[in-house]
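Chemist: Before I ask anything, let me first share the structure, which is written out below as structure tokens.
The values are calculated or read from the model by the stated rules, or taken from the named source; none is laboratory data. Keep in mind that what you see is a predicted model, and the values were worked out from it rather than measured. Reconstructed Cβ throughout: ideal geometry from the backbone, glycine too, with neighbour counts over all protein chains shown.
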Amino acid sequence: MQEPIEAYCHIGIVHPMAFPEVLQGEGPILDTLTQVALDPFFSAIEVTWIKDASVRGDAAQLLATAGMEVIFAAQPPLMQQNLSLSDPDPDQRRKAVDACKQLIDQAYQLSAAILVVLSGPDPGESARPQATEAFIDSLKQLCNDAQQKSGERMLAISLENFDRTVDKRCLIGPTREAAGIAEAIRNEYSNFGLTLDLSHLPLLRERADEAALAAVDHLIHVHIGNCVVGDTSHPAYGDQHPRFGVAGSAVGVPEVKRFLEALIYAGYFKRNTPTTMPVVSFEVKPAQGERSDLVIANAKRTLKHAWAQL
């Protein structure tokens with residue numbers, strides 16, 4: 001491609017993965033946000049819950065001053081609290097929905113455009129229809145809550161699909177099933193879409209072109225990351241988001257290039273999204289002994305090399 005990738009999308013990074021010390025909603029949140037915000041390579045950032053209201057207010061001001069597009073990751077607090085939006089127990093599912101409604105409040109305070117969620121654990125084939133029905137109901141409640149709280153800008157709810165059989169073992173699951181859920185919800189709510197993560201496709205045994213085409217009618221957000229499949233003894237086995245180039249991993253420059261080609265062919269970069277431009281975010285995490293800034297630099301180089309080959 002002759003034009004830089006920034007002509008087609010905002011480049012972002014998942015802040016609590018790049019800096020896992022803030023994953024619990026505490027820690028050096030403002031210092032690490034500042035580190036990202038000072039880097040002009042990034043126009044978008046994905047944050048998660050910030051437990052301290054004062055820190056959250058400072059973070060909102062910081063990100064507004066930096067002029068960054070914000071996306072809110074609700075997956076960490078849901079997983080950390082063992083909450084499931086597809087829980088068969090109505091009381092437990094209500095707790096998950098209520099928790100997400102509080103996260104919607106945080107997302108609005110941070111001026112986020114998208115809040116990303118995931119389904120609960122896969123209950124097995126026989127119980128999937130009931131769990132899926134419950135999950136759709138939960139998602140509709142969240143879309144309605146986001147609409148009721150909206151002002152100048154309406155928050156979109158996005159479903160990120162995960163592996164079903166390897167690590168996270170989620171109900172959703174295959175990209176085509178995620179697209180079916182989006183179709184059902186979009187019949188009632190316009191503020192819903194899908195998040196597609198390159199690092200999940202090898203775990204789902206899906207090809208990039210097939211997944212992109214399956215999701216694109218509802219695709220509002222994209223992650224680029226790496227994973228390890230096959231070798232269960234590998235320290236980064238499963239959905240651990242290692243840096244690009246780790247020995248035995250599934251995603252490097254060639255795979256990122258093919259994913260970008262699939263997104264271009266499917267039309268993602270021409271879509272109207274809740275963000276001012278489509279977002280492509282790195283989701284990478286430093287391993288034990290690795291520095292966050294070096295892992296981030298690795299990701300930037302990987303994307304630049306892949307784009308240059310298009």
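Chemist: Could you check how many residues of segment 100-111 are over 15 Å from I50 (Cβ atoms) and either in contact (Cβ under 8 Å) with a residue 60 or more places away in the chain or buried (at least 24 other Cβ atoms within 10 Å of the Cβ) (or both)?
Modeler: 1
Chemist: Do any helices (runs of 4 or more DSSP H) lying entirely in segment 1-111 carry at least 3 residues that are closer than 28 Å to E261 by Cβ, and which ones are they?
Modeler: It comes to 15-18.
Chemist: Might you check whether a residue that is on the phi > 0 side of the Ramachandran plot and either of a type in the set (K, R) or modelled with pLDDT of 95 or more (or both) occurs anywhere in segment 17-29?
Modeler: yes
Chemist: Out of the residues in segment 186-201 that are surrounded by fewer than 22 Cβ atoms within 10 Å (Cβ to Cβ) and of a type outside the set (S, T, Y), state the one that is modelled with the lowest pLDDT.
Modeler: N187
Chemist: Which pairs turn up if I take residues in segment 207-224 that are in contact (Cβ under 8 Å) with a residue 24 or more places away in the chain and look for partners that are of a type in the set (K, R) with beta carbon separation below 8 Å, at least 6 apart in sequence or on another chain?
Modeler: Matching pairs, first to second residue: A208/R258; D209/R258; A214/R176; V216/R271; H218/R186; L219/R271; I220/R271.
Chemist: Something else about it: Hey, does segment 129-142 have a residue that's of a type in the set (A, V, I, L, M) and over 19 Å from the mean Cα position of the chain (by Cα)?
Modeler: There is at least one residue in segment 129-142 that is of a type in the set (A, V, I, L, M) and over 19 Å from the mean Cα position of the chain (by Cα).
Chemist: Of these, R56, R94, which one is at pLDDT 95 or above, loosely packed, with under 15 Cβ neighbours inside 10 Å and at negative phi?
Modeler: R94
Chemist: Another one. Pick from segment 146-170 the residues that are buried (at least 19 other Cβ atoms within 10 Å of the Cβ) and within 15 Å of L78 (Cβ to Cβ): which of them is nearest to the chain's Cα centre (by Cα)?
Modeler: Of everything passing the filter in segment 146-170, E160 is nearest to the chain's Cα centre (by Cα).
Okay, residues lined up against (1) farther than 20 Å from R243 by Cβ; (2) touching a helix residue (DSSP H, G or I) at 6+ places or on another chain (Cβ under 6 Å); (3) of a type in the set (G, A, S); (4) in contact (Cβ under 8 Å) with a residue 40 or more places away in the chain:
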residue: A266; (1), (2), (3), (4): yes, yes, yes, yes
residue: T273; (1), (2), (3), (4): yes, no, no, yes
residue: K285; (1), (2), (3), (4): no, yes, no, yes
residue: G289; (1), (2), (3), (4): no, no, yes, no
residue: S292; (1), (2), (3), (4): no, yes, yes, yes
residue: N298; (1), (2), (3), (4): no, no, no, yes
residue: R301; (1), (2), (3), (4): no, no, no, no
residue: W307; (1), (2), (3), (4): no, yes, no, yes
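Chemist: Take the residues in segment 46-67 that are among the hydrophobic types (A, V, I, L, M, F, W, C) and in contact (Cβ under 8 Å) with a residue 40 or more places away in the chain; name whichever of them is nearest to I114 (Cα to Cα).
Modeler: The residue in question is V47.
Chemist: Follow-up. Can you report the number of residues in segment 212-252 which are among the charged types (D, E, K, R), under 19 Å from the mean Cα position of the chain (by Cα) and farther than 20 Å from D293 by Cα?
Modeler: Total meeting the criteria: 2.
Chemist: Tally the residues that are surrounded by fewer than 22 Cβ atoms within 10 Å (Cβ to Cβ), in contact with a helix residue (DSSP H, G or I) (Cβ under 7 Å, 6 or more places away or on another chain) and part of a loop (DSSP other than H, G, I, E, B), restricting the search to segment 208-238.
Modeler: Count: 1.
Chemist: Moving to a separate point now. Filter segment 112-145 down to residues that are farther than 25 Å from I45 by Cα and of a type in the set (S, T, N, Q) and give me whichever is surrounded by the fewest Cβ atoms within 10 Å (Cβ to Cβ).
Modeler: By that ranking, first place goes to S126.
Chemist: Output the number of the condition that G245 fails; it satisfies all remaining conditions of (1) modelled with pLDDT under 95; (2) outside any loop (DSSP other than H, G, I, E, B).
Modeler: Only one criterion in (1) modelled with pLDDT under 95; (2) outside any loop (DSSP other than H, G, I, E, B) is unmet by G245, namely (2).
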